[in-house]
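To start, the structure under review is shown below, and the notes come after it.
The values are calculated or read from the model by the stated rules, or taken from the named source; none is laboratory data. Quantities reported herein were computed from a predicted structural model and do not represent experimental measurements. Because the Cβ atoms are built from the backbone with ideal geometry, glycine has one as well, and the counts that use them run over all protein chains shown. Surface accessibility is based on the protein's heavy atoms, side chains included, excluding ligands, DNA and RNA. Shrake-Rupley method; radii C 1.70, N 1.55, O 1.52, S 1.80 Å.
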Amino acid sequence: MVLRFYSLLFFCIVWLSACTQPLTTEKHALVTDTLTYSLGNTPVSVILRKYNGSSPLFYVHLHDSESTAEQSAIAILEQYGGQLLSIDNKEQRNISFQLNNHHFTFDPNRIFSDVGIAATLKHLSKQDTKAIKEISGFAQFILSHIPDTAIVVAVHNNTDERFSVLSYNTPPLKDETAAININDRHDIDDFVLTTDSAVYNFYKKEKMNAILQSDGTLTDDGSLSIFFGKKRRPYINVETQHGHGLQQVTLLEKLYQYLNFEKKFFAENQ
């Protein structure tokens, strides 16, 4: 846990040394790059939004059907600056593509390991060695645009009471959870999952629904949280129910409060 705290502190120091520009009420200017990756015979668009103003946070939006998450991230970035990577998939969660006259479908948050790719193909279409290779290339394409010095913030939405903070309080997810904080006054569908104990403790102190992912044995489902958890990199998933934009923005803004705390901590220890 100590290692996690200092790794996150390092990322914050990188940010603070790069930029001390104060927050203004004006929206940050936006530059949008549309990147195209060919999955077999099917082009897939990835949008990289860059708002002026430096930030240690890099936002990732993988499920195009989760519009509240993307809109919440954009609202935050317009105020604070930073970057957002989004998959443009015609508002669909899963991605489909053609390869050698065969049709394949996969979940883009289950592609960051070959084991995860094989499982999502089996679940949504069929396993195929060449398809696994194609999807693995797409995963590497996404990862190549995430800076090595960034704190990764994924934004997701869920359906009312189908997936919530309570899901991590029962097996099998409970077995992969190091700690959990549940506030009965908040909607169980609105929560934060993180690989970093310092971030978890901050949200717990703020009385938010929060989960600390275990750093022990984990089921490799190919998700981004497992990928960065294995690498001991700070990762935060801010998840709310569809339509809970205000709640999602509130949870995201807490991160900037946390970074101000880190800035103060760093200043006081010079």
- request: Give me D for the chain in µm² s⁻¹, whole number, from Stokes-Einstein with Rh from the Kirkwood sum over alpha-carbon pairs, 10 °C and 1.306 mPa s.
  value: 83 µm²/s
- line: Once the dipole of the chain is set up from charges on Cβ (+1 Lys and Arg, -1 Asp and Glu), the residue from the list Thr34, Gln140, Phe97 lying farthest towards its positive end is Gln140
query: Which value in deg cm²/dmol, rounded to the nearest 500, describes the helix-derived mean residue ellipticity at 222 nm for the chain, given -39,500 (n - 2.57) per DSSP H run of n ≥ 4 and division by the residue count?
result: -11500 deg cm²/dmol
message: What number do you get for region 39-144 when its Cα radius of gyration is normalised by 2.2 N^0.38 Å, N = residues?
response: 1.15
- request: May I ask you to list the aspartates and glutamates whose Cα is less than 18 Å away from that of Lys174, ignoring any residue fewer than eight positions away on the same chain?
  value: Glu161, Asp189, Asp190, Asp196, Asp215, Asp220, Asp221, Glu239
- line: Beyond 28 Å (Cα-Cα) in this structure, taken from Lys50/Lys231; Lys27/Lys230; Lys122/Lys207; Lys90/Lys122; Lys50/Lys130; Lys204/Lys230, we find Lys27/Lys230; Lys122/Lys207; Lys50/Lys130
task: For every other residue with a beta carbon closer than 11 angstrom to the beta carbon of Tyr80, add +1 if it is Lys or Arg and -1 if Asp or Glu, then tell me the sum.
output: -1
query: Does anyone have the angle between helix 67-80 and the longest principal axis of the chain? Alpha-carbon axes, 0 to 90°, nearest 10?
result: 40 degrees
query: So what are the ³J(HN,Hα) numbers for region 218-224, from phi and the Karplus equation (6.51, -1.76, 1.60; θ = phi - 60°), rounded to whole Hz, Gly and Pro as x?
result: 10, 6, 7, 9, x, 7, 5
- request: Please list 165-175, 134-144, 206-216, 108-118 highest first by mean number of surrounding beta-carbon atoms within 10 Å per residue.
  value: 108-118, 206-216, 134-144, 165-175
message: Quick check: at a probe of 1.4 Å, how many percent of the accessible area of the chain sits on carbon and sulfur atoms?
response: 50 percent
- prompt: Which cross-chain or sequence-distant (5 or more) residues have an amide H under 5 Å from the amide H of Ala179, H modelled 1.01 Å from N in plane?
  reply: Leu212
task: Report, in debye and to the nearest 20, how large the dipole of region 52-147 comes out about its Cα centre when Lys and Arg carry +1 and Asp and Glu carry -1 on their Cβ.
output: 380 debye
message: Give me the dipole magnitude in Debye, nearest 20, for region 99-189 about the Cα centre, with unit charges on the beta carbon: positive for Lys and Arg, negative for Asp and Glu.
response: 360 debye
query: Say each of Thr250 and Thr32 gets a label point 7 Å from the Cα, pointing the same way as Cα to Cβ; how far apart are those two points in nm?
result: 3.0 nm
- prompt: What share of the DSSP beta bridges in region 61-216 is antiparallel, in percent to the nearest 5?
  reply: 70 percent
statement: Taking a label point 7 Å from the Cα of Ser214 along Cα-to-Cβ, the residues of region 134-176 whose backbone nitrogen sits under 15 Å from it are 168-176
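Taking the Cα centre of the chain as origin, sum charge times position over the Cβ atoms of Lys and Arg (+1) and Asp and Glu (-1), and report the length of that vector in debye to the nearest 20.
Values: 24 positive and 30 negative charges, 105 e Å.
It works out to roughly 500 debye.
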Scattering profile of region 117-186 at q = 0.22, 0.24 Å⁻¹ [log10 I(q)/I(0), Debye over alpha-carbon scatterers]: -1.06, -1.05
Vicinal HN-Hα couplings computed from phi for region 112-129 (Karplus, 6.51 cos²θ - 1.76 cosθ + 1.60; Hz; Gly/Pro x): 9, 7, 5, 4, x, 4, 4, 5, 5, 5, 4, 6, 9, 8, 7, 6, 7, 4
